[in-house]
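What follows is one structure encoded as structure tokens, with my remarks underneath.
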Amino acid sequence: KNEVEQSPQNLTAQEGEFITINCSYSVGISALHWLQQHPGGGIVSLFMLSSGKKKHGRLIATINIQEKHSSLHITASHPRDSAVYICAVRFRETSGSRLTFGEGTQLTVNP
Amino acid sequence: ETGVTQTPRHLVMGMTNKKSLKCEQHLGHNAMYWYKQSAKKPLELMFVYNFKEQTENNSVPSRFSPECPNSSHLFLHLHTLQPEDSALYLCASSHRTASSGANVLTFGAGSRLTVL
């Protein structure tokens with residue numbers, strides 16, 4: 001069964017802390033996405049990666065293909081980072097556009 | 001603003017009503033998607049359109065009827081829905097090429113539907 005697991009489910013941090021959100025998947029993938037969903041519902045694509053590491057501002061995404069694991073890091077966290085972070089993968093054996101989504105990690109950053 | 005606009009943002013309808021959700025993008029993307037997000041559940045793909053042609057239907061009940069008149073517009077027509085269809089419906093678009101099926105998605109803000 002193709003699965004995507006995220007941890008933790010909920011995360012509360014103080015402003016300035018370094019944050020890590022994890023994503024594990026069950027079988028080989030062709031791409032992994034990290035998405036951010038704010039309380040209003042809109043979703044923003046943060047990263048798409050298939051190997052290595054990507055960085056954008058205070059956000060860093062890494063992926064380890066052998067271990068079938070990805071992490072999203074936020075440095076110097078800020079209350080405006082409070083959102084749900086979603087991991088989604090395209091399994092290699094899946095045809096078409098289908099992404100399998102994790103359940104999301106609710107992040108709250110307190111001032 | 002992401003470049004993908006959804007209307008209405010909120011919709012309340014009875015089970016016998018007919019309504020439509022609209023999605024519009026002017027990003028030059030050639031693929032458009034409908035996703036459903038129910039409370040406490042992961043996003044579920046409903047439909048995919050490439051160059052106005054439906055390429056995927058994820059076993060969606062016929063009470064949901066998509067329409068894609070051109071590459072910039074996507075509709076979801078709703079008819080005789082059930083209360084369990086209440087959810088956030090998200091539209092997304094992407095630029096797909098023949099060599100790549102995994103592209104960055106740009107999402108709209110969503111239409112929150114409540115079925116009474």
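The values are calculated or read from the model by the stated rules, or taken from the named source; none is laboratory data. The shown structure was predicted, so the numbers you read here are calculated from the model rather than taken from an experiment. Cβ sites come from the backbone with ideal geometry, for glycine too, and all protein chains shown count toward neighbours. We work out accessible area using only protein heavy atoms, side chains counted, and drop any ligands, DNA or RNA first. Shrake-Rupley method; radii C 1.70, N 1.55, O 1.52, S 1.80 Å.
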Task: Long-range HN-HN contacts of B:ARG96 with modeled amide H, under 5 Å - done: B:ASN30, B:ALA31
TODO: Give me the percent of Cα-Cα pairs in the protein assembly as shown that sit more than 24 Å apart, rounded to a whole number.
DONE: 45
- [ ] Scan region B:1-83 for chymotrypsin sites (Phe, Trp or Tyr not before Pro) in coil per DSSP, keeping those whose Cβ has at most 14 other Cβ atoms within 10 Å, and list them by number.
- [x] B:PHE51
Open item on the list: As an exercise, identify the GluC sites (Glu not before Pro) in region A:37-110 lying in DSSP coil whose Cβ has no more than 11 other Cβ atoms within 10 Å.
Closed with: A:GLU67, A:GLU93
Task: Cα-based Lys pair tally, the protein assembly as shown, threshold under 18 Å, eight or more apart or on separate chains - done: 7
Open item on the list: Suppose the Debye formula is applied to equal point scatterers at every Cα of chain A; what is log10 I(q)/I(0) at q = 0.18, 0.21 Å⁻¹?
Closed with: -0.84, -1.11
Open item on the list: Every cysteine in chain B with no other Cys Cβ under 4.7 Å from its Cβ, please list them in numeric order.
Closed with: B:CYS68
Task: For region B:21-31, 3J(HN,Hα) per residue [Karplus equation, 6.51 cos²θ - 1.76 cosθ + 1.60, θ = phi - 60°, Hz, x = Gly/Pro] - done: 9, 10, 9, 9, 9, 10, 9, x, 6, 10, 10
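Give me the percent of accessible area attributable to carbon and sulfur for region B:26-116, probe 1.4 angstrom.
Working: 2070 of 3990 Å².
That share works out to 52 percent.
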Task: Sequence-distant residues sharing a close amide H with A:GLU15 (under 5 Å, placed H) - done: A:ASN110
Task: For A:ILE65, residues with placed amide H under 5 Å, excluding near neighbours - done: A:GLY52
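In percent, what relative contact order does chain B have, based on Cα pairs under 8 Å that are 6 or more apart in sequence? Please report the intermediate quantities before stating the final value.
Numbers: 288 pairs, mean separation 42.7, N = 116.
It rounds to 37 percent for chain B.
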- [ ] Return the percentage of antiparallel bridges among DSSP beta bridges fully within the protein assembly as shown, rounded to the nearest 5 %.
- [x] 90
TODO: With θ set to phi - 60°, apply the Karplus curve 6.51 cos²θ - 1.76 cosθ + 1.60 along region B:62-77 and write out the HN-Hα couplings as whole Hz, x wherever there is a Gly or Pro.
DONE: 5, 5, 9, 10, x, 8, 10, x, 7, 5, 9, 10, 9, 10, 10, 8
Task: Under Karplus coefficients 6.51, -1.76 and 1.60, residue-wise ³J(HN,Hα) of region A:41-51 in Hz, glycine/proline x - done: x, x, 10, 10, 7, 8, 8, 10, 9, 10, 6
TODO: Give the calculated FRET efficiency between B:HIS77 and A:ASN110 to the nearest 0.05, with a Förster radius of 45 Å applied to their Cβ-Cβ distance.
DONE: 0.55
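Using unit Cβ charges (K, R positive; D, E negative) and no other charged atoms, how large, in debye to the nearest 20, is the dipole of chain A about its Cα centre?
For chain A, the charge dipole is close to 400 debye.
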- [ ] Return the FRET efficiency for the residue pair A:GLN9, B:SER20: r is the Cβ-Cβ distance, R0 is 25 Å, and the value is rounded to the nearest 0.05.
- [x] 0.10
- [ ] Might you work out the accessible area of A:LYS54 for me, using a 1.4 Å probe with all protein chains in place, and round it to the nearest 10 Å²?
- [x] 90
